[in-house]
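Here's the structure, in structure tokens; my notes come after.
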Amino acid sequence: MKLRIGSRESALAVAQAQILLRHLAAAGIDAELVTMKTTGDVILDRALDKVGGKGLFIKELEKALLDGAIDLAVHSYKDMPMQIDPRLPIVAVSPRSDPRDALVLPLGVSSIDPAKPIGSGSKRRTIQLEALYPDMEVAPIRGNVLTRLDKLDAGAYAALVLAAAGLKRLGLSARASRVFEPREMIPAACQGILALQARRDFDTELLAGFHDADAWDMAEAERGFVETLDGGCSSPIGAYATLDGDQLTLTGLYVNADGQRRTGTLSSTRREARKTGRLLAVTLSEGGMR
């Protein structure tokens, strides 16, 4: 039986699906790629929070899973909404790639032009960029990575902020002029992690060599944080977990309705990952830490 692997049709999504396909091929499992355009790829003239949020990037893939047209869907875990259809669980996650955000300048440019805006696709990045570059405008941008880079190189922006993992997977790491450390710009929850979604009856033994327990626990903490704050792609929320043996450390960013920014860090054992995310979220939302 040949597994059908579903993916968005963007260059980055395909590159990410190829990571799974290479693993399956090495394990002797026959698989083929099935790509499709999602609603989130089509609606590019409005902010995501105005047209339905993160679910727009997975709707068509989930329908294909339910219809039996594909067996697995490969997602950027950071694009997954907090509420996942119980019929279509996350059955595995990849090892985490670089979780950080990167600043990208136009081709041939070595310094940022203060007369043009920095392009940002999220409120999380925007609010942190405004602190890092207080004298510059931050303007919204939509589209896949290559589309955004085309807009940058055409002169519409002074710089862009993109996920370092996405640039790496596209072979474009050299485009990054600066990579922000998590203490400078707290990443999106699950940034750099791939999530595999399937029907409940899928044989997860096929993915035993792909699934990464460390990435799973980090994702549990980060998603617990975001879920407790009722956050989605439109919310200026960041969450970043690290592991040192059995100890998990989670750093979170929360911005309340008045624009007040709070960050904090909490540590626990990895067995309490989800609980740690929830506790940090409650602490920050109640005005704790800084």
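What follows draws every value from the coordinates through simple rules; no lab data is involved. Small disclaimer: the values here were computed from a predicted structure and weren't measured. Glycine gets a Cβ as well: all are built from the backbone with ideal geometry, and neighbour counts include every protein chain shown.
Between Met289, Ala241, Trp216, the Cα set farthest toward the positive side of the dipole of segment 212-290 (charges on each charged residue's Cβ, about the Cα centre) is that of Met289. Need the C-alpha centroid separation for segment 1-23 versus segment 77-108, integer Å. For segment 1-23 versus segment 77-108, the Cα centre distance is 14 Å.
Which links in Lys78/Lys151; Lys151/Lys275; Lys78/Lys275; Lys37/Lys275 stretch past 30 Å when you go from one Cα to the other? Could you put the intermediate results ahead of the total?
Working: Lys78/Lys151 23 Å; Lys151/Lys275 41 Å; Lys78/Lys275 19 Å; Lys37/Lys275 36 Å.
Checking Cα-Cα distances, Lys151/Lys275; Lys37/Lys275 exceed 30 Å.
The modelled label-to-label distance for the pair Lys275/Ala174, using points 7 Å beyond Cα in the direction of Cβ, is 5.0 nm.
Taking the Cβ of each residue in Ser111, Ser10, Ser173 as the centre, tally the other Cβ atoms inside 10 Å and list the residues starting with the fewest. Walk me through the numbers on the way to the answer.
Values: Ser111 9, Ser10 21, Ser173 15.
Exposure proxy ranking, most exposed first: Ser111, Ser173, Ser10.
Mind giving me the FRET efficiency for Lys2 and Met289? R0 is 45 Å, r the Cβ-Cβ distance, nearest 0.05 is fine. Don't skip to the answer; put the middle values down first.
Working: r = 51 Å, r/R0 = 1.13.
After rounding to 0.05, the efficiency reads 0.35.
Taking a ≥ b ≥ c as the square roots of the eigenvalues of the Cα gyration tensor of segment 181-290, is the shape rounded (a/c under 1.5), prolate (a/b larger than b/c) or oblate? Write down the numbers at each step before the final one.
Details: a/c = 2.20, a/b = 1.73, b/c = 1.28.
The shape class here is prolate.
Measuring r between the beta carbons of Gln18 and Leu146 and using R0 = 22 Å, the FRET efficiency lands at 0.90.
Computed extension gain for Gln260 through Lys37, at 0.36 nm per residue and net of the alpha carbon distance, reaches 76.5 nm. Taking other C-beta atoms within 10 angstrom as a stand-in for reagent exposure, Asp101, Asp150 fall in the order Asp150, Asp101, fewest first.
Counting only other residues whose beta carbon sits under 14 Å from that of Tyr133, what net charge do I get with K and R as +1, D and E as -1?
Details: positive: Lys116, Arg125, Arg178; negative: Asp101, Asp113, Glu130, Asp135, Glu137, Glu184.
Net charge in that neighbourhood comes out at -3.
Specify which labelled value, from (i) 14.2; (ii) 15.1; (iii) 17.1, agrees with mean projected area of the Cα convex hull in nm² derived from the coordinates of the model shown. The value computed from this structure is option (ii).
Taking amide H as placed 1.01 Å from N in the peptide plane, the amide H of Ile237 sits under 5 Å from that of Arg124, each at least 5 places away or on another chain.
Computed over the chain, the per-residue total of -39500 (n - 2.57) for DSSP H runs of n ≥ 4 gives a 222 nm mean residue ellipticity of -8500 deg cm²/dmol, rounded to 500.
Between Ser110 and Thr249, the modelled labels are 3.6 nm apart [label points 7 Å from Cα along Cα→Cβ].
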